[in-house]
1. Out of the range 284-317, which residues are away from the ligand (no atom under 16 Å from the Cβ) and without any contact (Cβ under 8 Å) to a residue 40 or more places away in the chain?
2. Having 2 or more residues that are within 29 Å of the chain's Cα centre (by Cα) and under 18 Å from residue 281 (Cβ atoms) is the bar; report the strands (runs of 3 or more DSSP E) wholly within the range 327-433 that clear it.
3. Which of (1) farther than 22 Å from residue 250 by Cα; (2) buried (at least 22 other Cβ atoms within 10 Å of the Cβ) is the odd one out, the single condition residue 65 does not satisfy?
4. Go through the range 99-127 and report how many residues are closer than 15 Å to residue 69 by Cβ and surrounded by 20 or more Cβ atoms within 10 Å (Cβ to Cβ).
5. Could you check the range 196-281 for helices (runs of 4 or more DSSP H) lying wholly inside it with 3 or more residues that are at pLDDT below 65 and touching a helix residue (DSSP H, G or I) at 6+ places or on another chain (Cβ under 6 Å)?
6. Mind checking which residues of the range 152-181 are free of Cβ contacts under 8 Å to residues at least 24 places away in the same chain and part of a helix (DSSP H, G or I)?
7. What's the number of the condition residue 297 fails, among (1) closer than 30 Å to residue 387 by Cα; (2) in contact with a helix residue (DSSP H, G or I) (Cβ under 8 Å, 6 or more places away or on another chain)?
8. Output the number of the condition that residue 70 fails; it satisfies all remaining conditions of (1) surrounded by fewer than 20 Cβ atoms within 10 Å (Cβ to Cβ); (2) part of a helix (DSSP H, G or I); (3) at pLDDT 80 or above.
Ligand code: GDP
């Protein structure tokens, strides 16, 4: 998928536009406490073309001076994206900071689309002309708060997408990646895993600039492990790009079927862990929570149970993810991981026949009748599975407005009770019939 980055000095409205472009896709099933809202990377779609979008303004760079931050954000955009939306503020005209950003963008070979934001009504359109002088061609007037001009802008953005050949992935191969904050043990676990398995050395070819792909076999099953951590350890070039590691992780997630999200047993759960895990969940991937460095924990009877309770409390949105406690260093319980990856992957592509699904739904309705709102009663007619990766169900109802998300959760629980689906998110959308 092509990647679009939004660049511009602070307060021109990058995040508003970002949210406009991706906002409608956030479904009611995601409306669960604990799912991260401050995203910088998300999927959007225009004219049936899905793409990924990065809000470079959301990339955290600590307390560095503004100019440094802008430069680094522009660098990320130039490095990571296929098309750049350069955003300026139509109410303030060209500022010195805009010119700074422009200078950086001149040096890139990427297509750049100039968007002039805060043009809230047609009378203001004259204000876009001065921006021609930035040298990026025709400026597109838009309004983030009023959702104006976005269609024309996106028409132009999409025109610049490169013709990308589909990555030829073997359908029977399970792709998985490891994510987690620095030093959680990703590299150690990749090495430990690959030491146990039959690595197909001659095939190490799928190495991109973002990750190292290593194919291996376990039993009869083919796998590819997508390793983003090993990259940075390889040498100087990537040290500089450490701050891109989130983006690299996100790209690895996108190519994965199953994502192992690592937690450091020694350090405990931190906010960043949730954010990182949230990306795997939102991407609809199968997820396994791996607690690494379990060797450092005093192994009393209740240690696992206590840690598990903490995880469940912090990762409400990952209630379907199995938890594996292991040590990359001592290799304890490493061998339990691959079977879990296989199960999660199978569930991620599992299809339920419509008639069997509807038996379960009808039983659920009998237990907990559909709720009413303002005297109007929800009628659930039938359900059908429309896709896999992750399993996605459409429930036909008289009025989708009446389907509260707690009722969606109830149906999800019933579907899970009946069919398992451990390790994979499932999506349920109400539709009017
Ligand atoms: P990454 O940044 O996530 O790739 O983490 P590394 O694999 O580089 O590991 C960071 C540090 O944690 C290294 O010093 C490892 O030796 C150590 N480490 C990794 N796994 C374990 C483990 O299971 N137990 C212990 N005690 N240390 C570990």
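The values are calculated or read from the model by the stated rules, or taken from the named source; none is laboratory data. Please read all numbers here as calculations on a predicted model, not as lab measurements. Cβ atoms come from the backbone with ideal geometry, glycine included; neighbour counts cover every protein chain shown.
1. 300, 301, 302, 305, 306, 308, 309, 312, 313
2. 392-397, 427-432
3. That leaves (2) as the condition not met.
4. Matching residues across the range 99-127 total 1.
5. Hits in the range 196-281: 229-233.
6. 152, 159
7. Condition (1) is where residue 297 drops out.
8. (1)
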